[in-house]
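To keep things clear, I will list the structure first and then write my remarks on it.
The values are calculated or read from the model by the stated rules, or taken from the named source; none is laboratory data. What you see is a predicted model, and the numbers here were worked out from it, not measured in a lab. Neighbour counts run over all protein chains shown; Cβ positions are idealised from the backbone, glycine included. When the accessible area is computed, the model is the full protein with side chains, heavy atoms only, and any ligands, DNA or RNA have been set aside. Shrake-Rupley method; radii C 1.70, N 1.55, O 1.52, S 1.80 Å.
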Amino acid sequence: MSVSRTIPFFNYPALFHETEKEFIQIFKDVCSRGAYILQKDLFELEENLKKFLNVNHVFGVADGTNALILGLKAIGIGSGDEIIVPSHTYIASAAAVALVGAKPVLCDIGKDNLIDPISVEQKITKNTKAIMPVHVNGRTCAMAPLEDLAKRYDLMIVEDAAQALGSKYKGKCAGTFGKFGTFSFYPAKVLGCFGDGGAIITNDDEIAEKISLLRDHGRDKNGRVVSWGTNSRLDNLQAAFLNFKLQTFPEDIQRRREIAQRYHEAFKNLKEIDLPPHPNESPDHFDIYQNYEMSANDRDELKKYLQEKGISTIIQWAGTPVHHFKELGFNESLPKTDMFFKRCLMLPMNVSLSNDDVDYISNEVQNFYKK
């Protein structure tokens, strides 16, 4: 069977080739200065992210998982504490809680496929210390009901915004609602580097001071070790690349929103699939479309059909919500999450896609259901 074209789920080589000349120049500049660890390139990125997010403190760290771990340590989470986490997330969200000695308590999702405040409230115990909303696929959770729960039960909010840099709820950026927020710069993220990378943000000066020590072996500004810490510093070369890419970040978000709108127009009359929200569906939400994840009837057959047509798709996290990892001791019943993972499928969504690519993908999805 001949395939008219091949569309990868994510075009990793394009990350480099689209602005190859500029990246080579950045590499030469940073390396010729010997500027590898905690240098001006990282500090400039942190300052620019502060302005972009309208937040007081930003720290570049090794990756998104370490960002969560450092944040939890900085607010004092440890043995005996419980953190409520949606099962619709990557294992890193729950793992960070476990790795500081606390217990991740998994909850269900709501109609928006994000953390469900009703399920959260049902999971609260005397040991609950915080709620961890995970802003999946570039959409900020509806934070108002979570903030209400946190206030009523005297809980903290800590945000996993790994997939949501630049998304907003009621004009406020993901990651800025709680005690701290975290981001990932994994290559496939909307703002991605050429390896692992992450950031943690906060408006709390005391928490910021603790994070500053934790990410650099407990060393203060004078280089003296004043507490226990670890090595979790964003590589300076990666910071320089990210700082360059941040200059066109708003345009990249806009392009993703255009692609999402194009998908929506193509699929809006297909009864067999449930779509993520249209870019202009809600005045409360500004979505960046890290991924385009829909729910589809005959999901596995659709995935196979699209692969035969040269279109690569992904079932996020290998189709496994966190509560299915029985080896980790989970035994929760989360029916809404289970139903979602039986139907979820992600179509290609990135700025390397042309309109012709998007139309080809859309036409083949339509052709599958016509059959």
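Counting only protein heavy atoms and a 1.4 Å probe, segment 202-295 has 51 square angstrom of accessible area per residue.
Going by Cα centres, segment 3-78 and segment 88-114 are how many Å apart? Spelled out, the Cα-based centre of one part sits 24 Å from the other. Of the accessible area of the chain, with the probe set at 1.4 angstrom, what percent is carbon plus sulfur? About 49 percent, which is the carbon plus sulfur part of the accessible surface. Do any trypsin sites (Lys or Arg not before Pro) in segment 101-205 lie in a DSSP loop with no more than 15 other beta carbon atoms within 10 Å, and if so, which? Answer by residue number: LYS111, LYS126, LYS170. Measuring with a 1.4 angstrom probe and ignoring ligands and nucleic acids, TRP317 comes out at about 50 Å² accessible. Amide hydrogen proximity for ILE311: with H placed 1.01 Å from N in the peptide plane, the residues at 5 or more positions away or on another chain lying under 5 Å are ILE7.
Solvent-accessible area per residue in segment 99-170 equals 39 Å², computed with a 1.4 angstrom probe and all protein chains kept. Taking each residue as 0.36 nm, the span from ASN355 to PHE52 lengthens on full extension beyond its C-alpha to C-alpha distance by 106.2 nm.
Reducing segment 229-258 and segment 141-169 to their Cα centroids gives an inter-centroid distance of 23 Å. ILE361 sits among other residues whose Cβ lies under 11 Å from its own Cβ, and their net charge, with Lys and Arg +1 and Asp and Glu -1, is -1. The order of ARG219, ARG255 by accessible area, most exposed first and with a 1.4 Å probe, is ARG219, ARG255.
Relative contact order for segment 52-105: 39 percent, from Cα pairs under 8 Å spaced at least 6 residues apart, divided by residue count. Electrostatic tally near ALA35: other residues with Cβ closer than 12 Å to its Cβ, Lys and Arg +1, Asp and Glu -1, net -1.
Computed per residue of the chain from DSSP H runs no shorter than four, each worth -39500 (n - 2.57), the mean residue ellipticity at 222 nm is -12000 deg cm²/dmol.
Shown are HIS324, HIS17, HIS135, whose ranking by accessible area with a 1.4 Å probe and every protein chain present, most to least, is HIS17, HIS324, HIS135.
Seen through its C-alpha gyration tensor, with square-root eigenvalues sorted a ≥ b ≥ c, the chain comes out oblate because a/c lies at 1.5 or above while a/b is not bigger than b/c.
In the structure displayed, which of LYS123/LYS326; LYS245/LYS336; LYS51/LYS336; LYS303/LYS326; LYS126/LYS221; LYS309/LYS342 lie more than 30 Å apart, Cα to Cα?
Table pairs above 30 Å Cα-Cα are LYS245/LYS336; LYS51/LYS336; LYS126/LYS221.
Keeping every protein chain in place, order THR230, THR6 by accessible area at 1.4 Å, biggest value first, i.e. largest first.
From most accessible down to least: THR6, THR230.
Along the charge dipole of the chain, Cβ charges K/R +1 and D/E -1, which of ALA96, HIS135, HIS285 sits furthest on the positive end? Positive-end residue among those listed: ALA96. Other residues whose C-beta falls under 13 angstrom from the C-beta of ASP252 contribute a net charge of +2, scoring Lys and Arg +1 and Asp and Glu -1.
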